[in-house]
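First comes the structure, then the notes that go with it.
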Amino acid sequence: MTIHTTAERRIGVYGGEQLARYGFGDGHPFGPDRHDAFWDALAESGLKAKIRSLPPVQARDEEVLRFHTGPYLEQVRQQSATGQGYLDYGDTPAVVGIYESALFVVGSTLDAVARILAGDLTRAMVPIAGLHHARRDGAAGFCVFNDCGVAIETLRQVHGIQRIAYVDIDAHHGDGVFYAFDDDPELAVVDFHEDGHYLYPGTGHADETGTGAARGTKLNVPLPPFAEDGQFLRLWSRAERFIENYRPQFILLQCGADALAGDPITHLQLSPAVHRQVTASLCRIADEICEGRLLAMGGGGYERDHTARAWTQVVAAMVETTERGIEP
């Protein structure tokens, strides 16, 4: 395998029409314009020249079934054809074509996993991904297929990677991932989110640390409404130690940007500097412990410009830490 010596050969970012299409129509919080806002910001930042732009990849049904149930996959397929009703109790409309676009989210995430493990990439980002609310048997909170959960199952079943750290800084608790693996002692979870007493889905309390043999392998950090950068970063040092002590073989980051000040559906007041610092921290840990293996998935974020800036900071941290690592 060719060993690349420049950062642009090591950082992959996925984009294209099939990923942009994942959403629920213009005017919906999760609309197709989120994708283009990010790519415009990335181009303006000058970072686009330092990364590999990779096209979306479509997953196969059998890959989705590593996490989701057969009856649920069939439900999505059928309702996607008709565009009738909701896939959950009222948050996730069954728009025409959502089945196919959700497959591209999953497939792009899995392609990134495979490239990182093969050494073709050191790190990667899939901006339209991180659909962390979907359950094994159902949709939830704008999330049709849980690409995070499929990635975890694929790392285990296909690649033989057992010890995985899943880090989630979306304003909403990643309940679809957390409860699917709350009894799994080999999945470490670190989840910073707005306190569930004030925000959907109402879960992720500090005393939820895993069940059975997995007790103590999950770290929920609920933040009060209107928390700012200083409060987040004071708590982040504990998360760093938690991940370092766990010594994962692969790190997944759900970098939702709806915790930023000005988001229309949440109350936290963070800035994009948090995304940069968290990503840089995880890159350092990944370089020290697991051969640099880090995959970021965009998650939420509903104020377009703020979301684009936060995700651009994620890419900037990936590029800077990688360039630093290859300096002579």
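Working note: Cα atoms of the chain, range along each principal axis, descending, whole Å: 58, 41, 40.
Could you tally the net charge around residue 134, taking each other residue with its Cβ under 10 Å from the Cβ of residue 134, Lys/Arg +1 and Asp/Glu -1? Once positives and negatives cancel, what remains is -2.
Placing a pseudo-label 7 Å from each Cα along the Cα-to-Cβ vector at residue 240 and residue 26 gives an inter-label distance of 4.5 nm. Mean separation of Cα pairs under 8 Å and 6 or more residues apart, divided by the residue count, gives region 7-325 a relative contact order of 19 percent. Extension gain, residue 96 to residue 40, is 17.5 nm, computed as 0.36 nm per intervening residue step minus the present C-alpha separation.
Derived scalar couplings between HN and Hα for region 88-105 equal 9, 9, x, 9, 10, x, 8, 6, 4, x, 5, 4, 5, 5, 5, 5, 5, 4 Hz in order, rounded to whole Hz, by the Karplus curve 6.51 cos²θ - 1.76 cosθ + 1.60 (θ = phi - 60°), x for Gly and Pro. Note on the chain: GNM, Cα springs under 10 Å; of 55, 93, 248, the largest mean-square fluctuation is that of 55.
Once the mean of 1/r is taken over each pair of separate Cα atoms and inverted, region 40-113 shows a Kirkwood hydrodynamic radius of 14.1 Å. Here region 164-185 and region 298-317 have alpha carbon centers that stand 20 Å from each other. For region 1-141, the Kirkwood estimate of the hydrodynamic radius, built from every pair of different alpha carbons, is 16.1 Å. Scoring 175-181, 239-245 by mean Cβ neighbours within 10 Å over their residues and listing the highest first yields 175-181, 239-245.
The 3J(HN,Hα) values that the Karplus relation (6.51, -1.76, 1.60; θ = phi - 60°) gives for region 246-256 are, in residue order, 6, 6, x, 8, 7, 10, 10, 10, 8, 9, x Hz. Gly and Pro appear as x. Could you please state, rounded to a whole Å, how far the C-alpha centre of region 201-264 is from the C-alpha centre of region 12-74? Cα centroid of region 201-264 versus Cα centroid of region 12-74: 24 Å apart.
Could you tell me the convex hull volume per residue, in Å³, taken over the Cα atoms of region 176-328? Spell out each step's value before the answer.
Details: hull volume 15.8 nm³, N = 153.
Cα convex hull per residue, to the nearest whole number: 103 Å³.
How many percent of Cα pairs in region 246-293 exceed 12 Å? Every Cα pair in region 246-293 considered, those over 12 Å come to 64 percent.
Tell me what the chain gives for mean residue ellipticity at 222 nm when only DSSP H runs of n ≥ 4 count, each as -39,500 (n - 2.57), the sum divided by the residue total, rounded to 500 deg cm²/dmol. Can you show the working numbers first?
Values: 10 runs with 128 residues, N = 328.
That calculation yields -12500 deg cm²/dmol at 222 nm.
The C-alpha radius of gyration of region 78-216, expressed as a fraction of 2.2 N^0.38 Å, stands at 1.09.
Close amide H pairs (under 5 Å, H built 1.01 Å from N) link residue 250 with 165, residues at least 5 positions away or on another chain.
Grouping the Cα pair distances of region 170-234 into 10 Å bins from zero gives a pair-distance distribution of 24, 50, 23, 2 percent in increasing distance order.
In what sequence, highest mean first, do 279-285, 164-170 appear when ranked by Cβ atoms within 10 angstrom? Working shown, then result.
Details: 279-285: 22.1, 164-170: 26.1.
Ranking the peptides 279-285, 164-170 by packing returns 164-170, 279-285.
Among 90, 16, 31, the largest mean-square fluctuation in a Gaussian network model of the chain (Cα springs under 10 Å) belongs to 90. Through the Karplus equation 6.51 cos²θ - 1.76 cosθ + 1.60, θ set to phi - 60°, convert the phi angles of region 272-283 into ³J(HN,Hα) values in whole Hz; use x for Gly and Pro. Per-residue couplings from phi come out as x, 4, 5, 4, 5, 5, 4, 5, 4, 4, 5, 4 Hz. Proximity of backbone amide H atoms, modeled 1.01 Å from N, is registered between residue 189 and 166, 218, 219 at under 5 Å, excluding neighbours fewer than 5 places apart on the same chain.
FYI, it's all coordinate maths here, none of it is from the lab. Everything numeric here is computed off the predicted structure, so don't read it as measured data. So basically every Cβ, Gly included, is an ideal-geometry build from the backbone, and we count neighbours across all protein chains shown.
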